[in-house]
Amino acid sequence: MMTKRPLLTKRPLLWTWSVALALLAPLADAAPAAPEAAAQESDALTDKARELFQEGVKAARAGRWADAHASFLAAWGLKPHYQIASNLGVASLRVGKPRDAAEYLTIYLREAPATKVQERQIAEGALKEALAKVTAVTVEVAPEGAEVTIDGRAIGRAPLVDPVFLDPGEHEIGAKLDGHVPEARTIVATEGGTEAMSLRLQRKPALEVAARPGPLAPPAPGGEADRGTRTAVLVGGGIAAGAGVAAGVILTVLANSRASDAESMRSRLNRDKGYDRTSCHGVSSPDCAALRDTSVATVDLSNAAFWTFVAAGAVGTGTLVYGLVTSKPSEPTPGVQVAPLLGPSAAGLSLRGRL
């Protein structure tokens, strides 16, 4: 039967590096330094990034590495500072992302001042741990300015400052640039591997470049696109106006029906209880309440019908005006009109037309 080790007897080396790096970074700011250097480092982080960074440090101290990784990553998104990169790299190791860890730790070691000896030593140890789980590929691309891709995802333009880190498995490294033939190669990454790759993009033949279709010219005014738009507006306006008229008719029918119901109620109240048209004012009987509700519904339906007709008329008028404004006079066709001409003293034919 296995015995459980005491919690504080031994810790993995990676855990020790992680805590040390998370704790040493803030302490470095508190250490004595030249006023100018301290001001520069203080100004490097925005207030929000600093707040997220401190949250990540607290989470790292408590061993909550998923929370620490999320806080450091958010801080990096606001301010990609080398101090955040160091802690983000270690947190990435702790959550099982060695490729990300190698990337961030490499950035830290490239940008951190040489005076941060202890922090750099810790970062180098963590980077060594990450590199044992990925493949580091040095990618050279010519000409400069070409976009480099990993599995179709753009990672930057040549020349790349740092190596490319790949998780174990098959990957495609490519490069492309306008006017050049794109190139891509497949690589099988292994744990702890190192590779070098050189991509040389060749210019496309001049004939192929010249034959590339340019942007299409905008359609001439009054062309097929304009006619299609005009037709759509006219049809849509006509449908909307027709729907408005139909709705107005339905509302009018409903209003008339409610008015008839109200009149029947008044007649019944007058016959059964002797109420006239004004006797229900202030009376709280159910019959009077029903009469009032029916009368109010009649007014509401009548108003709705009126404004629906108004809206339909406005849409119809607007559609008609649009149709008249956008219509083009048709070319007159040749023709001759012949009409008899009769008078008191003459008779003949009247000729009018265009040849």
Problem - the range 51-185: C-alpha gyration tensor shape, a/c 1.5 cut-off, then a/b vs b/c - result: prolate
Fill in the blank from the handout: Expected unfolding gain across Lys48-Gln121 under the 0.36 nm per residue rule, minus the alpha-carbon gap, is 23.5 nm
Fill in the blank from the handout: One finds, for Ser260 and Trp307 with R0 = 30 angstrom and r their Cβ-Cβ distance, a FRET efficiency to the nearest 0.05 of 0.85
Completion exercise
For Leu131 the rounded accessible area (nearest 10 Å², probe 1.4 Å, non-protein molecules ignored) is 60
Exercise for the section: At 0.36 nm per residue, minus the direct Cα-Cα distance, what do Lys204 and Ala246 gain on full extension? Give it in nm, one decimal, please. Expected result: 8.7 nm
Problem - Cβ-derived FRET efficiency at R0 25 Å, Val253 paired with Ala314, nearest 0.05 - result: 0.65
Practice task
Return the FRET efficiency for the residue pair Val321, Ala289: r is the Cβ-Cβ distance, R0 is 45 Å, and the value is rounded to the nearest 0.05.
Solution key: 0.40
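The values are calculated or read from the model by the stated rules, or taken from the named source; none is laboratory data. Since this is a predicted model, take the numbers as computed values, not measurements. Reconstructed Cβ throughout: ideal geometry from the backbone, glycine too, with neighbour counts over all protein chains shown. Please note that ligands, DNA and RNA were not included when accessible areas were found on the heavy atoms of the full protein model with its side chains. Shrake-Rupley method; radii C 1.70, N 1.55, O 1.52, S 1.80 Å.
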